[in-house]
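The values are calculated or read from the model by the stated rules, or taken from the named source; none is laboratory data. Predicted, not measured: the structure shown is a model, and the values here were computed from it. In this analysis, Cβ positions are derived from the backbone assuming ideal geometry, glycine residues included, and neighbour counts consider all displayed protein chains.
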Amino acid sequence: MSNNWVVSANASDVSRIRYNDQGLIPVIAQDATTRQVLMLAWADAEAINRTLHEGRVTYFSRSRQEYWRKGDTSGNTQVARSLHVDCDGDVVLLQVDQKGPSCHTGQDTCFSGGGPQ
(Lines give C-alpha, C1' and ligand atoms only; values in the text may rest on other atoms or scores of the structure.)
Protein backbone atom coordinates (compact mmCIF):
# COMPACT_ATOMS: atom_id res chain seq x y z
CA MET A 1 0.00 0.00 0.00
CA SER A 2 1.28 3.44 -0.82
CA ASN A 3 1.04 6.38 1.49
CA ASN A 4 -1.22 8.39 -0.83
CA TRP A 5 -3.85 7.91 1.82
CA VAL A 6 -6.63 10.36 2.66
CA VAL A 7 -7.08 8.67 6.06
CA SER A 8 -4.62 9.16 8.91
CA ALA A 9 -2.80 5.88 9.55
CA ASN A 10 0.65 4.71 10.51
CA ALA A 11 2.15 2.66 7.66
CA SER A 12 3.97 0.32 10.05
CA ASP A 13 0.69 -0.34 11.88
CA VAL A 14 -1.12 -1.09 8.63
CA SER A 15 1.64 -3.53 7.65
CA ARG A 16 1.09 -5.38 10.96
CA ILE A 17 -2.54 -6.25 10.16
CA ARG A 18 -3.04 -10.00 10.59
CA TYR A 19 -5.96 -11.30 8.56
CA ASN A 20 -7.70 -14.52 9.63
CA ASP A 21 -7.81 -17.75 7.58
CA GLN A 22 -10.58 -16.26 5.41
CA GLY A 23 -8.43 -13.18 4.71
CA LEU A 24 -10.58 -10.95 6.92
CA ILE A 25 -10.10 -8.74 9.97
CA PRO A 26 -12.77 -7.37 12.32
CA VAL A 27 -13.17 -3.61 12.11
CA ILE A 28 -14.67 -1.56 14.93
CA ALA A 29 -16.16 1.76 13.80
CA GLN A 30 -16.03 4.49 16.44
CA ASP A 31 -17.45 8.01 16.16
CA ALA A 32 -14.41 10.29 15.88
CA THR A 33 -16.08 13.10 17.84
CA THR A 34 -18.09 11.37 20.59
CA ARG A 35 -15.89 8.22 20.77
CA GLN A 36 -19.07 6.11 20.83
CA VAL A 37 -18.61 2.61 19.42
CA LEU A 38 -20.91 2.38 16.41
CA MET A 39 -20.59 -1.05 14.84
CA LEU A 40 -18.40 -4.02 14.01
CA ALA A 41 -17.92 -5.28 10.46
CA TRP A 42 -15.29 -7.16 8.47
CA ALA A 43 -12.69 -6.10 5.92
CA ASP A 44 -10.09 -7.73 3.76
CA ALA A 45 -6.89 -6.11 2.47
CA GLU A 46 -8.67 -4.60 -0.54
CA ALA A 47 -11.40 -3.05 1.66
CA ILE A 48 -8.72 -1.56 3.94
CA ASN A 49 -6.86 -0.24 0.88
CA ARG A 50 -10.03 1.34 -0.56
CA THR A 51 -10.86 2.95 2.78
CA LEU A 52 -7.36 4.41 3.17
CA HIS A 53 -7.31 5.80 -0.38
CA GLU A 54 -10.93 6.96 -0.74
CA GLY A 55 -11.92 7.94 2.78
CA ARG A 56 -15.39 6.41 2.48
CA VAL A 57 -15.39 3.25 4.59
CA THR A 58 -15.48 -0.01 2.64
CA TYR A 59 -16.23 -3.34 4.30
CA PHE A 60 -16.46 -6.92 3.03
CA SER A 61 -19.77 -8.75 3.44
CA ARG A 62 -19.19 -12.30 4.58
CA SER A 63 -22.74 -13.36 3.67
CA ARG A 64 -22.84 -11.75 0.21
CA GLN A 65 -19.10 -12.20 -0.48
CA GLU A 66 -18.82 -8.66 -1.86
CA TYR A 67 -17.58 -5.22 -0.93
CA TRP A 68 -19.93 -2.61 0.43
CA ARG A 69 -19.38 1.04 1.17
CA LYS A 70 -21.25 2.16 4.25
CA GLY A 71 -24.16 4.33 3.17
CA ASP A 72 -24.30 3.54 -0.55
CA THR A 73 -27.86 2.24 -0.20
CA SER A 74 -29.01 3.85 3.08
CA GLY A 75 -27.34 7.24 2.77
CA ASN A 76 -25.90 6.75 6.28
CA THR A 77 -22.28 7.20 5.31
CA GLN A 78 -19.05 6.75 7.19
CA VAL A 79 -15.96 8.74 6.30
CA ALA A 80 -12.80 7.47 7.96
CA ARG A 81 -10.64 9.96 9.80
CA SER A 82 -8.07 7.54 11.20
CA LEU A 83 -7.18 3.87 11.24
CA HIS A 84 -5.57 2.14 14.23
CA VAL A 85 -4.41 -1.46 14.69
CA ASP A 86 -4.52 -3.20 18.08
CA CYS A 87 -1.42 -4.55 19.80
CA ASP A 88 -1.85 -8.04 18.30
CA GLY A 89 -2.59 -6.78 14.79
CA ASP A 90 -5.85 -8.71 14.64
CA VAL A 91 -8.42 -5.91 15.11
CA VAL A 92 -8.77 -2.56 13.34
CA LEU A 93 -10.31 0.53 14.90
CA LEU A 94 -11.65 3.11 12.46
CA GLN A 95 -12.52 6.53 13.80
CA VAL A 96 -15.21 7.85 11.51
CA ASP A 97 -17.52 10.75 10.79
CA GLN A 98 -20.93 9.10 10.79
CA LYS A 99 -23.84 10.64 8.89
CA GLY A 100 -27.15 9.20 10.08
CA PRO A 101 -27.63 5.99 12.07
CA SER A 102 -24.85 3.43 11.84
CA CYS A 103 -26.99 0.35 12.52
CA HIS A 104 -29.20 -1.28 9.88
CA THR A 105 -32.01 -1.23 12.48
CA GLY A 106 -32.03 2.57 12.41
CA GLN A 107 -30.32 2.95 15.79
CA ASP A 108 -27.39 5.33 16.17
CA THR A 109 -25.18 2.41 17.17
CA CYS A 110 -25.42 -1.36 16.85
CA PHE A 111 -24.77 -1.47 20.60
CA SER A 112 -27.93 0.44 21.63
CA GLY A 113 -29.47 -1.82 24.21
CA GLY A 114 -30.91 -5.25 23.80
CA GLY A 115 -27.93 -6.73 25.58
CA PRO A 116 -27.60 -8.35 29.00
CA GLN A 117 -29.23 -6.53 31.90
remark   = From the option list 20, 49, single residue qualifying as part of a loop (DSSP other than H, G, I, E, B) and either at positive phi or modelled with pLDDT of 95 or more (or both) is 20
ask   = Does the stretch 34-54 hold any residues that are within 18 Å of residue 99 (Cβ to Cβ), among the hydrophobic types (A, V, I, L, M, F, W, C) and touching a residue at least 40 places away in the same chain (Cβ under 8 Å), and which are they?
value = 37, 38, 39
inquiry  = I need the full set of residues from the stretch 30-46 which are surrounded by fewer than 16 Cβ atoms within 10 Å (Cβ to Cβ) and in a strand (DSSP E or B), in order please.
reply    = 37, 40
note = Filter the stretch 62-117 for residues that are among the β-branched types (Val, Ile, Thr) and in contact (Cβ under 8 Å) with a residue 24 or more places away in the chain; the one that is nearest to residue 22 (Cα to Cα) is 91
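So that you can scan it fast, the table gives a plain yes or no per residue for (1) buried (at least 17 other Cβ atoms within 10 Å of the Cβ); (2) over 21 Å from residue 109 (Cα atoms):
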| residue | (1), (2) |
| --- | --- |
| 53 | no, yes |
| 65 | no, yes |
| 68 | no, no |
| 74 | no, no |
| 78 | yes, no |
| 86 | no, yes |
| 90 | no, yes |
| 93 | no, no |
note = Apart from one, (1) out of contact with any Gly (no Cβ under 6 Å at 6 or more places or on another chain); (2) surrounded by fewer than 16 Cβ atoms within 10 Å (Cβ to Cβ) all hold for residue 110; the odd one out is (2)
task = Name the residue, out of 27, 6, that is farther than 16 Å from residue 103 by Cβ, of a type in the set (Val, Ile, Thr) and either at pLDDT 95 or above or surrounded by fewer than 18 Cβ atoms within 10 Å (Cβ to Cβ) (or both).
result = 6
